[in-house]
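Colleague: First the structure, then my questions, so here it is.
Quick note: the coordinates plus some simple rules give every number you see, no bench work behind them. Bear in mind the structure is a predicted one, so any value in this text is a computation, not a measurement. Note: ideal-geometry Cβ built from the backbone for every residue, glycine included; neighbour counts use all protein chains shown.
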Amino acid sequence: MLVTLDTVRADHLGAYGSTVAETPWLDRLAREGVRGTQVSSQVPLTLPSHATILSGWLPPHHGLRNNGAGALPEGTATLATHLAAAGYRTGAFVGAFVLDRRFGLARGFGVYDDEIVRDPGAGTALEAERPGREVMDRALAWLGGAPPPAPGASAQPFFLWIHLYDAHAPYTPPSPFRERHAGRPYDGEIAAVDAQIGRLLEELERRGLTRTTVVAVTADHGEGLGEHGEQTHGLLLYEPTLHVPLLLRGPRLPAGSVVRTPFGLVDLAPTLAGLVGHPLPSPAARPLDGRDLSAALSGGSEPPPGDVYAETRYPAFFGWSPLAALRRRDVKYIAAPLPELYDLASDPGETSNLKDRADLSAALPGFAARLAEIEAGAVEAPRGAPDAETRARLAALGYAAGGAAPPPRRAPSGAPGPAEMVDLFQRYERAHNQLKDGEVQTALEALAGLVAADPGNPVFRGELARAYRAQGDLGRAVPLYRQAAEDAPDDPEAWYNLASALRELGETGEARRALERALHLDPSRPEAHNTLALALLAEEKPEEALRELQAAVALDPRDALALNNLGNVLRGLGRSAEAEQAYRRSAQAAPRYAEPLNGLGTLEVARNRPAEALVFFDRALALAPSYHEVRLNRGIALQEAGEREAAMAAYRDFLGAVAGNPQFAEQRRAAEGLLAHLASGSAPGSPAAGRR
């Protein structure tokens, strides 16, 4: 059983010395098993770190080096594929979109539960993560759902991976942890996660599995919390974001054992496989990066020392230099435009750069050569530019996502080091959160300052364009999107963003051409097909729009927005049975999305079944009270049902809700006419008009 805690640094657990932590269950695991005191993440980003945890390969050798970029290459063996082949029942339950099955980690798992709410009408945070309690509920249900063994046979062994995302920023712990950790919300999140670990350990005890189950709890990476100027993670390679807890309990593991030798999460998969008696094979062509430490851990001894690698390529999204690091015992080297060397034994806070100290500087070429050797064997994960949904969901989690755009042009001296740009990064994170929270003007001013400070930064420029667009200032947004497309003519995302802004500006012809360019570069982008369909509808080409929507749905059968738009087009073409099917699929994919319910109600009115229509309209309004078209359609249904007074009240309700809103001028005139006819006692029937 493997539990990965997102964004939990080791020194915020009681077992690792924190005096304010509320982590009784994790501390109990430390007492009952093995605790690694110097365990490092290989990359302070969720997806590539988990790929390393599950595979035993370093990021350069499994190819996943950033969130949202590519998928684990086919044929890459993982702990899940290995144990599944050995007859294990396998299940995974993840808490955030960043580990969605599209990124390749689902292979080998009989169940891969990555169901995150995708409703177009829901908040972005809900579309990107789910609370640990919900993840644990599903994991415990899976654990209890094992089929009984045949008479005389042993129970089937299992491998269960649970990922709890809660401690990731923004820190919003639930009660009572919010109150108990007032002023320390990060610790409150960790306390809430610890409670979920408690549920898991109690269930193991209840089922009599404690003595026969290997339990491993670790974190994918830590959190900066302001040290070295980094509030979150991903930009720098200092210990606050790399030092993670590792707790192991199981048969033959000595209780209370402490391992002080530095090693990495890359060693976890081979070690777990060794602990359960199914060693992970190492390919003949290239030895596995991770080491099987099970013999040393079971014997209560220190494993042999080895180099501990780390990297981050996240800064390159911003046009800054990527980083790599190598630790040998207590000496740590960071390869950056300004190299850094630290003695972690005497300087755990990494405050004194020793690269010029004579007795240490001689080791620098050896460190650099080893990093070059690791990078020389790098493989490329299958990838395209992240699509709009991936980028939006990663943005909801606080991450920028890179595409095919080349790095911005820099002076001959090269890209700046992330440590030099950390203040700009912090300002960007604040502005990003302000924009996400609706503080558009404040964010816009901050982003304009960031673009002025670092004009070649594609992330800053793109976020400024998004802020102008959110403010409704498309006249300033579109030139920024044009510049992005000119700078990166082979990046489909740049063309897609330009097309979306042009469509909002009413430039449908140019928007369509930009979308066609985006789809020429990457035809596998469902959101681009969907947006092109809307542009074609604006040009009154419904049959062509239908083909684009069918392509979008074929690429992503769970795309509720495309399914709803498909229903709208089919309804407009008179194909009501197919429209109903599309609306129902949309509603099933997104239970909190009101638009397909409006479409279903509209179909019922057209079928002269106003009572059935009202059920759908009422459900839509309950989900989206500001969805004013439904109020108009509801009035029409009441009118068709012969409920004159109720229909008049519904029309008045609609007119009051949209008063002064120019967007509803046409519908307002229609409602006023219908209301006047009803008041005079001679209203003709009228079809409902659902929104696209």
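Colleague: If each residue of separation counts as 0.36 nm, what is the full-extension length gain between Arg430 and Val258 once their alpha-carbon separation is subtracted?
Modeller: Gain on extension, Arg430 to Val258, equals 58.0 nm.
Colleague: Something else: Enter the Cα centre distance for the pair the range 489-528 and the range 31-88, rounded to the nearest angstrom.
Modeller: 35 Å
Colleague: Using the alpha-carbon atoms, what tilt in degrees (0 to 90, nearest 10) does helix 628-640 show relative to the longest principal axis of the chain?
Modeller: 40 degrees
Colleague: Can you compute the modelled spin-label distance between Ala577 and Ala284, with each label point 7 Å from Cα toward Cβ, in nm?
Modeller: 5.9 nm
Colleague: A follow-up question, please. Determine the dipole magnitude for the range 141-276: charges of +1 sit on the beta-carbon of Lys and Arg, -1 on that of Asp and Glu, nothing else is charged, the reference point is the Cα centre, and the result goes in debye to the nearest 20.
Modeller: Values: 10 positive and 14 negative charges, 134 e Å.
Magnitude of the dipole: close to 640 debye.
Colleague: Further, regarding this structure: Roughly how big is the range 239-322's charge dipole about its Cα centre, with Cβ charges of +1 (Lys, Arg) and -1 (Asp, Glu), in debye to the nearest 20?
Modeller: On the way: 6 positive and 7 negative charges, 41 e Å.
Charge dipole, the range 239-322, about its Cα centre: 200 debye, nearest 20.
Colleague: Can you figure out the FRET efficiency of Asp343 with Ala659, using R₀ = 41 Å and their beta-carbon distance, to the nearest 0.05?
Modeller: Values: r = 70 Å, r/R0 = 1.71.
With R0 = 41 Å, the Cβ-Cβ based efficiency is 0.05.
Colleague: Would you mind telling me the antiparallel percentage of the DSSP bridges in the chain, rounded to 5? List each step's numbers first, then the result.
Modeller: Details: 24 of 45 bridges.
Rounded to the nearest five, the antiparallel share is 55 percent.
Colleague: Compute the separation of the alpha-carbon centres of the range 205-267 and the range 586-652 and state it in Å as a whole number.
Modeller: Taking the Cα centre of each part, the range 205-267 and the range 586-652 sit 53 Å apart.
Colleague: For the charge dipole of the range 2-281, defined by +1 on Lys and Arg C-beta atoms and -1 on Asp and Glu C-beta atoms about the Cα centroid, which residue among Phe159, His62, Thr23 has the Cα displaced farthest towards the positive pole?
Modeller: Highest projection toward the positive end goes to Phe159.
Colleague: So which lysines can Lys355 reach, going by Cα to Cα under 16 Å and dropping same-chain residues fewer than 8 places off?
Modeller: Those lysines meeting the cut-off are Lys332.
Colleague: Multiply the residue gap between Gln471 and Glu672 by 0.36 nm, knock off their C-alpha separation, and tell me the result in nm, one decimal place. Kindly include the intermediate steps, with their values, before the conclusion.
Modeller: On the way: separation 201, 0.36 × 201 = 72.36 nm, distance 3.13 nm.
Gain in length upon complete extension: 69.2 nm.
Colleague: Which one, Leu597, Leu563, Ala657, projects farthest toward the positive side of the charge dipole computed for the range 560-692 from Cβ point charges (K/R +1, D/E -1)?
Modeller: Leu563
Colleague: Multiply the residue separation of Ser175 and Glu504 by 0.36 nm, subtract the distance between their alpha-carbon atoms, and state the gained length in nm to one decimal. Could you put the intermediate results ahead of the total?
Modeller: Working: separation 329, 0.36 × 329 = 118.44 nm, distance 4.18 nm.
Full-extension gain reported as 114.3 nm.
Colleague: Quote the charge dipole size of the chain about the Cα centre in Debye, to the nearest 20; the model charges only the Cβ of Lys and Arg (+1) and of Asp and Glu (-1).
Modeller: Numbers: 70 positive and 86 negative charges, 226 e Å.
Charge dipole, the chain, about its Cα centre: 1080 debye, nearest 20.
Colleague: State, as an integer percentage, the relative contact order of the range 560-692 based on alpha-carbon contacts under 8 Å between residues 6 or more apart. Display every interim value, and only then the final one.
Modeller: Working: 185 pairs, mean separation 28.8, N = 133.
Relative CO of the range 560-692 lands at 22 percent.
Colleague: Shifting gears a bit: Rounded if a/c is under 1.5, else prolate if a/b beats b/c, else oblate: with a ≥ b ≥ c from the C-alpha gyration tensor eigenvalues square-rooted, which is the range 429-480?
Modeller: It comes out oblate by the Cα gyration axes.
Colleague: Rounded if a/c is under 1.5, else prolate if a/b beats b/c, else oblate: with a ≥ b ≥ c from the C-alpha gyration tensor eigenvalues square-rooted, which is the range 2-281?
Modeller: Numbers: a/c = 1.29, a/b = 1.20, b/c = 1.07.
Note, shape of the range 2-281 comes out rounded.
Colleague: Using Cα extents along the principal axes in Å as the read-out, say which of (i) 94, 73, 50; (ii) 86, 69, 50; (iii) 97, 58, 38 was calculated from these coordinates.
Modeller: The calculated read-out lines up with (i).
Colleague: Can you compute the FRET efficiency between Val111 and Ser301 using 1/(1 + (r/R0)^6), with r the Cβ-Cβ distance and R0 = 41 Å? Round to the nearest 0.05. Don't skip to the end; give the middle numbers.
Modeller: On the way: r = 37 Å, r/R0 = 0.90.
Result of the calculation: an efficiency of 0.65.
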